[in-house]
1. I'd like to know if region 328-347 contains one or more residues that are part of a strand (DSSP E or B), touching a strand residue (DSSP E or B) at 6+ places or on another chain (Cβ under 6 Å), at pLDDT 95 or above and crowded, with 22+ Cβ neighbours inside 10 Å.
2. Which condition breaks for residue 287 when tested against (1) over 17 Å from the mean Cα position of the chain (by Cα); (2) surrounded by 15 or more Cβ atoms within 10 Å (Cβ to Cβ); (3) farther than 22 Å from residue 340 by Cβ?
3. Taking only region 240-260 into account, find how many residues are within 28 Å of residue 62 (Cβ to Cβ), within 11 Å of the ligand (Cβ to nearest atom) and over 18 Å from the mean Cα position of the chain (by Cα).
4. How many residues are farther than 19 Å from residue 24 by Cα and surrounded by fewer than 21 Cβ atoms within 10 Å (Cβ to Cβ) if we restrict to region 179-209?
5. Against the definition (part of a helix (DSSP H, G or I) and in contact (Cβ under 8 Å) with a residue 60 or more places away in the chain), how does residue 355 come out, yes or no?
6. So which residues in region 160-178 are under 25 Å from the mean Cα position of the chain (by Cα), over 16 Å from residue 286 (Cα atoms) and not in a loop (DSSP other than H, G, I, E, B), if there are any at all?
7. Residue under question is residue 383, and the condition is that it be within 11 Å of the ligand (Cβ to nearest atom) and assigned to a helix (DSSP H, G or I); does it hold?
8. Does residue 134 satisfy being over 20 Å from residue 357 (Cα atoms) and away from the ligand (no atom under 15 Å from the Cβ)?
Ligand SMILES: Cc1cc2nc3c(=O)[nH]c(=O)nc-3n(C[C@H](O)[C@H](O)[C@H](O)COP(=O)(O)OP(=O)(O)OC[C@H]3O[C@@H](n4cnc5c(N)ncnc54)[C@H](O)[C@@H]3O)c2cc1C
């Protein structure tokens with residue numbers, strides 16, 4: 001055992017960020033020791049795993065959650081905190097893919113994902129600076145404006161509070177004249193992502209789940225009618241296992257809990273920068289109503305203010321973890337381009353993390369073997385969707401049949417081992433197209 005422990009990789013840690021600097025403490029999560037038993041073993045302590053654990057423990061199931069670092073150490077403690085309902089596909093497209101009946105129920109389910117988060121926050125009194133003030137989709141080109149109009153119309157037809165914005169109105173709400181229009185989705189909002197992750201951890205512990213930090217799951221095997229999850233310091237035997245490792249599935253490479261699961265998604269890096277709190281004059285014009293924004297570029301820019309009035313801006317990063325401010329220059333440049341009145345703002349924090357993409361732009365709920373479930377691939381929309389997926393996974397682990405959300409088999413992404421050069425090439429291409437596409441009088445950087 002001592003030899004195994006000394007071979008264990010260093011547990012992942014959160015990079016210094018706006019969120020770590022302003023977080024509240026999470027609960028103590030002692031590493032797993034010895035042989036344990038549970039009704040369900042959850043692997044991964046981001047929103048997916050924590051929400052699964054919370055929903056299972058809430059109905060009396062015995063849950064052991066294993067997390068390689070601390071809850072929220074992956075994307076869940078690093079993201080932009082935008083709580084956006086729906087999927088990357090428009091409702092009509094979803095219904096065309098899934099059939100009118102199932103597609104309509106699926107649209108309703110995912111359309112409620114942001115409400116699901118805000119309800120959970122209220123029910124468990126999670127202090128995470130949650131505000132449900134809406135999310136703006138900002139169109140940077142005439143084609144994107146037409147697409148935004150279609151999306152807004154499709155949601156409105158289904159009764160959702162989604163309002164189209166013309167050029168004047170979007171300039172009022174964002175404080176920049178860089179966009180041609182778009183829509184605001186009033187179901188959406190923002191949270192402090194790490195506070196939210198830690199709040200879910202507290203809530204699931206209070207509900208009775210056992211959370212084990214610094215516990216990397218290194219393997220999963222069958223033993224009679226149960227599964228045994230192996231770690232360097234102990235094991236968990238359970239009839240049901242939920243794998244919630246998403247863009248960080250390769251942490252335990254080359255083995256890991258399930259062969260080739262890491263190949264189900266394409267991890268890309270998203271970077272964020274945050275200014276010091278903006279002066280009052282700037283706060284009166286920049287996002288005065290507190291909405292979050294994502295724009296329509298192929299390499300989208302997303303931004304919001306935090307609770308203290310810092311401008312937090314994100315975009316695609318280089319293909320690695322970095323804390324070198326030089327790697328963040330392009331995103332800082334986007335902020336200056338949108339808000340030239342800020343001059344050269346002081347950048348207080350830079351950080352990044354991995355976003356898990358799928359080829360069909362949809363999250364995947366997998367049944368890897370009888371009793372082994374996985375949910376992953378939120379394509380940058382995981383704050384709401386991963387939380388909802390946790391409830392779907394909890395249902396599956398309790399043996400409820402296939403629900404509205406389809407279960408798919410594991411389909412490794414072709415050429416996955418070449419993901420880095422392929423992503424780098426695709427990123428360069430998208431950056432070029434974004435630069436040359438019309439921006440209503442401005443060009444993107
Ligand atoms: C920079 C950035 C900005 C983003 N912005 C937004 C946004 O504004 N809005 C939005 O909706 N989405 C956003 N996202 C996406 C969102 O953060 C994710 O979709 C969501 O957090 C996924 O949650 P998860 O629990 O599935 O994965 P994660 O939070 O990544 O959790 C996976 C966990 O599994 C653990 N793990 C991995 N392997 C093992 C193992 N073998 N044993 C034990 N533990 C293991 C990891 O340590 C990790 O904690 C952003 C992501 C990033 C990186």
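The values are calculated or read from the model by the stated rules, or taken from the named source; none is laboratory data. Everything numeric here is computed off the predicted structure, so don't read it as measured data. Counting neighbours? That spans all protein chains shown, and the Cβs are built from the backbone with ideal geometry, glycine included.
1. Step one: filter region 328-347 for residues part of a strand (DSSP E or B), giving 347.
Pick out the ones that are also touching a strand residue (DSSP E or B) at 6+ places or on another chain (Cβ under 6 Å) and you get 347.
Filter once more, so that each one left must be at pLDDT 95 or above: 347.
Right, trim to crowded, with 22+ Cβ neighbours inside 10 Å and you get none.
Within region 328-347 (the criterion being part of a strand (DSSP E or B), touching a strand residue (DSSP E or B) at 6+ places or on another chain (Cβ under 6 Å), at pLDDT 95 or above and crowded, with 22+ Cβ neighbours inside 10 Å), the answer is no, since none of the residues qualifies.
2. Of (1) over 17 Å from the mean Cα position of the chain (by Cα); (2) surrounded by 15 or more Cβ atoms within 10 Å (Cβ to Cβ); (3) farther than 22 Å from residue 340 by Cβ, only one is false for residue 287: (3).
3. So the count comes out to 5.
4. Within region 179-209, the subset farther than 19 Å from residue 24 by Cα is 179-189, 207-209.
Now drop any that are not surrounded by fewer than 21 Cβ atoms within 10 Å (Cβ to Cβ), which leaves 186, 207-208.
Residues meeting the conditions: 3.
5. Working: part of a helix (DSSP H, G or I): no; in contact (Cβ under 8 Å) with a residue 60 or more places away in the chain: yes.
No.
6. Going residue by residue through region 160-178, those that are under 25 Å from the mean Cα position of the chain (by Cα) are 160-163, 173-174.
Filter again for over 16 Å from residue 286 (Cα atoms), leaving 160-163.
162, 163, listed by residue number.
7. Values: within 11 Å of the ligand (Cβ to nearest atom): yes; assigned to a helix (DSSP H, G or I): yes.
Yes; evaluated as a whole, the condition is true for this residue.
8. Working: over 20 Å from residue 357 (Cα atoms): yes; away from the ligand (no atom under 15 Å from the Cβ): no.
So residue 134 fails the test.
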